[in-house]
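Asker: Sharing a structure below in structure tokens format, with a few things to ask.
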Amino acid sequence: MKAIPFILVMLVAAGAHAQLTPFSGVVTAYNKFPLKNVTVSAKKSKMAVTTNEKGEYEILVNEKDVLTFKAEGFKTFSRKIDDSGKTMNVNMVFLGGKKNEEIAVGYGYISKENLTYGIDHFANENNNYGLYNNLYDLIVQNFPGVSIIYENGQRQFLIRGMKSLMGSNAALLVVDGMVVNDLDFISPYDVATINILKDSAAAIYGSRGANGVILIETKRGPRSN
């Protein structure tokens with residue numbers, strides 16, 4: 001009789017182990033330099049590893065696990081794994097400042113030469129925008145207080161809260177100096193900077209900016225006429 005609980009325990013343990021699957025990727029800074037010694041942890045499987053000299057990692061995860069990437073001097077990043085694949089490449093955002101420079105180099109995440117070069121030449125690459133499928137997800141998840149609304153069947157951004165029952169509450173969208181109706185034509189990989197303007201900062205756009213402005217600059221820069 002005592003053998004039955006033992007067998008059940010073994011079956012449960014085997015089942016739990018079978019759910020673990022390998023997941024891998026590369027961690028970089030400025031979309032160029034590999035980061036080593038970055039801690040990569042999985043919330044559900046409770047596994048943790050560190051990246052190697054090439055910024056590579058491999059970890060065992062559970063279904064719909066959440067990976068967290070942590071390195072002193074860089075912004076900690078967490079994301080649910082994508083069920084469509086078994087890899088996740090991450091570009092970590094350097095926080096800036098002399099103290100963080102000393103920490104990042106001292107902990108061995110990146111060489112002083114690469115970090116200095118990245119700061120001086122790749123400011124527009126110091127983001128994790130390329131991790132998102134579209135700009136709507138990117139903006140809502142990175143800018144607190146910004147949400148999505150639907151007006152006339154189209155996705156729009158809400159910054160200031162609902163002000164009008166009759167008129168539009170959508171924020172103005174400006175890409176490379178041009179007012180646009182949506183952001184479907186832009187890949188997150190092409191974005192250099194995003195700024196949320198409201199109140200007096202949005203006043204330069206007059207009445208059009210009354211609901212706030214989402215100002216986007218792409219890596220191509222302002223369009224020429």
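The values are calculated or read from the model by the stated rules, or taken from the named source; none is laboratory data. Keep in mind that what you see is a predicted model, and the values were worked out from it rather than measured. Please note: Cβ atoms are built from the backbone with ideal geometry, for glycine as well, and neighbour counts cover all protein chains shown.
Asker: Of the conditions (1) in a loop (DSSP other than H, G, I, E, B); (2) touching a residue at least 60 places away in the same chain (Cβ under 8 Å), Ala192 clears all except one; give me its number.
Answerer: The failed condition is (1).
Asker: How many residues are farther than 15 Å from Asn195 by Cα and small (Gly, Ala, Ser) if we restrict to the range 124-146?
Answerer: 1
Asker: Are any residues in the range 38-82 of a type in the set (D, E, K, R) and either over 19 Å from Tyr129 (Cα atoms) or at pLDDT 95 or above (or both), and if so, which ones?
Answerer: Lys43, Lys44, Lys46, Glu53, Lys54, Glu56, Glu58, Glu63, Lys64, Asp65, Lys70, Glu72 - these are the residues of the range 38-82 that are of a type in the set (D, E, K, R) and either over 19 Å from Tyr129 (Cα atoms) or at pLDDT 95 or above (or both).
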